[in-house]
Amino acid sequence: DQYKNLQARLKLAVTTQEEFNRADAALFEIAQRNRAPLAETVTLYARLAPSVQALGRSQADVLAATDAIGQAVSLSGASSEAAAGALLQLGQAFASGQLRGEEFNSVIEQTPRLAQAIADGMGVPLGSLRALAQEGKITSA
């Protein structure tokens with residue numbers, strides 16, 4: 001039942017059967033390689049896809065972002081429960097368009113390597129992320 005639910009969630013994030021097949025196989029591989037729960041990996045992809053595609057990016061870009069986030073979570077050394085929680089919170093942040101509040105706290109506390117990657121990507125020191133999150137400046141873009 002859980003796998004059917006994941007497939008349904010994934011189907012909502014793609015437009016063709018070919019995209020579904022590609023994403024299904026790639027997400028399984030990403031979850032295995034990063035030792036991340038498949039459910040949270042699929043959920044993250046499904047929540048990332050609309051934001052990334054709205055920026056004019058491709059499915060390959062969404063998969064690459066999902067993989068990079070999974071790697072950062074894995075490098076943080078978080079337990080599987082902490083990783084699942086952080087991925088869920090990050091997915092919710094992407095769905096809303098901003099990383100702030102409870103989602104931000106979860107990411108920075110449970111997956112510090114991911115927080116560092118966000119800071120590096122924004123070109124700011126890690127210590128300034130909290131203020132940027134409070135100002136709503138950590139966005140999907």
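Among the residues of the stretch 96-141, those that are more than 21 Å from ASP67 (Cα to Cα), part of a helix (DSSP H, G or I) and not hydrophobic (A, V, I, L, M, F, W, C) comprise GLY101, GLU102, ASN105, GLY127, SER128, ARG130, GLN134. Of all residues in the stretch 1-17, those being among the charged types (D, E, K, R), exposed (fewer than 15 other Cβ atoms within 10 Å of the Cβ) and at pLDDT 90 or above number 1. Residue check: is ALA78 part of a helix (DSSP H, G or I) and small (Gly, Ala, Ser)? So ALA78 does not fit the description; no.
Among all residues of the stretch 32-54, there is none that is over 24 Å from VAL107 (Cβ atoms) and among the polar types (S, T, N, Q). Would you point out the residue of the stretch 114-141, among those that are in contact (Cβ under 8 Å) with a residue 24 or more places away in the chain and among the aliphatic types (A, V, I, L, M), that is surrounded by the fewest Cβ atoms within 10 Å (Cβ to Cβ)? Looking at residues that are in contact (Cβ under 8 Å) with a residue 24 or more places away in the chain and among the aliphatic types (A, V, I, L, M), I get ALA141.
Could you please let me know if ALA93 is closer than 21 Å to GLN116 by Cα, out of contact with any helix residue (DSSP H, G or I) (no Cβ under 9 Å at 6 or more places or on another chain), part of a helix (DSSP H, G or I) and among the small types (Gly, Ala, Ser)? It is false that ALA93 is closer than 21 Å to GLN116 by Cα, out of contact with any helix residue (DSSP H, G or I) (no Cβ under 9 Å at 6 or more places or on another chain), part of a helix (DSSP H, G or I) and among the small types (Gly, Ala, Ser). Within the stretch 97-113, residues that are under 19 Å from THR139 (Cβ atoms) reach partners that are β-branched (Val, Ile, Thr) and surrounded by fewer than 16 Cβ atoms within 10 Å (Cβ to Cβ) with beta carbons closer than 9 Å, at six or more positions or on different chains, in the pairs GLY97/THR139; GLN98/THR139; LEU99/THR139.
If we keep just the residues of the stretch 45-66 that are out of contact with any Phe, Trp or Tyr (no Cβ under 8 Å at 6 or more places or on another chain) and closer than 16 Å to LEU87 by Cα, which is surrounded by the most Cβ atoms within 10 Å (Cβ to Cβ)? Across the stretch 45-66, the extreme among qualifying residues is TYR45. Which one is surrounded by the most Cβ atoms within 10 Å (Cβ to Cβ), of the residues in the stretch 18-44 that are in a helix (DSSP H, G or I) and of a type in the set (S, T, N, Q)? The residue in question is THR41.
Conditions tested, residue by residue: (1) closer than 20 Å to ALA49 by Cβ; (2) not polar (S, T, N, Q).
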position	(1), (2)
LEU75	no, yes
ALA84	yes, yes
LEU99	yes, yes
GLU102	no, yes
ASN105	no, no
GLU109	no, yes
ARG113	no, yes
VAL124	no, yes
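The values are calculated or read from the model by the stated rules, or taken from the named source; none is laboratory data. Bear in mind that the values here come from a model prediction, so they are computed numbers and not experimental data. Neighbour counts are summed over all protein chains in view; Cβ atoms, including those assigned to glycine, are modelled from backbone coordinates with ideal geometry.
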